[in-house]
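As structure tokens, the structure follows; a few thoughts come after it.
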Amino acid sequence: MLICLSVIAFNYFESDKFEKVKNLEAKESKIPEVQEYGGPHLEKVGDKVCQKNWGTFTLLETRSINESFELAPMVITIKDIRRIQLSSLTDEVKDELKSYMGLSFEEAYSIYYKEDLSMEEIDQQAELSKTDIDEEVTYLEITYSVENKDSKELQFFSMENVTFNGDLTYDVPSKNFIHSGDTLIGTKKVSRSDYQPGETRKGTIGLLVDPEENFDRLDSFSFTTDDIADGESHELLVDGTSFEIPLKIPLKGK
């Protein structure tokens, strides 16, 4: 009798375990899959989407901005700033994202050039500063547009540096892992495509958050622009400037 009860209990718990695994797999299989960058498919906090052969995106937090900032004749309109979690990443993606962690070569150079290190040694310091991507990582996403209201071609990049919550600062050219209409071909100004008269570009910036930052809420945001230069002569027209934005607390579920 006791043996019979034990078998029944064992079968019950195994069946319960199987059902839980089955339900979890079914739940995961319901995550929509897309071919392109997954961020735009996230509308409200908690939404998930799987980018094929890449990973899963989960929207953790969003701040709607919808404000324009003018450095005449360039106008920058920020749509929103969001915090997104990446998980189920492939090994190839983890290696790719690792290159955007830690110090860029330019940042390492600014720190170590006075120590008489060779370029190779400075590059080694930059590589040593990069941390491995674990099972999941979060990033900060900025969506915006830039318009050239002038009648001539201009050289400009909207966000050279950005700062979150007053102390988390990024050099955008070297840390942005998302390439879109307003991002750069390279990290140097001479490699950027100039704005044509009346041209408007949309942009998306993605900046990884080091897990040691313990970043759990967006409170403020500021950015510093590039200088504006003539697209042909490269003559300086307007010095870059900084803008600061206190972030609105979203309504629940937004």
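Alpha carbon centre of the range 98-161 versus the range 31-65: separation in Å?
After rounding, the separation between the Cα centres reads 24 Å.
Just check the range 91-191 against the gyration tensor rule for me: Cα atoms, a ≥ b ≥ c as the square roots of the eigenvalues, rounded for a/c under 1.5, and otherwise prolate or oblate depending on whether a/b exceeds b/c.
oblate
Among THR56, THR90, what is the fewest-to-most ranking by other Cβ atoms within 10 Å?
Least to most surrounded, the residues fall as THR90, THR56.
Where a ≥ b ≥ c are the square roots of the eigenvalues of the C-alpha gyration tensor, would you call the range 24-114 rounded, which needs a/c under 1.5, or, failing that, prolate if a/b is larger than b/c, or oblate?
Cα axes put the range 24-114 in the oblate bin.
If packing is taken as the mean number of other Cβ atoms within 10 Å per residue, what is the order of 35-46, 115-126, highest first?
The peptides rank, most packed first, as 35-46, 115-126.
Which of the pairs LYS30/LYS94; LYS114/LYS175; LYS30/LYS130; LYS175/LYS202 have their Cα atoms more than 26 Å apart in this structure?
Over 26 Å apart, Cα to Cα: LYS30/LYS130.
No value in this document is a laboratory result; all are computed from the given coordinates. Here the structure is a predicted model, which means the values were calculated and not measured. Backbone-built Cβ (ideal geometry, glycine too); neighbour counts: all protein chains shown.
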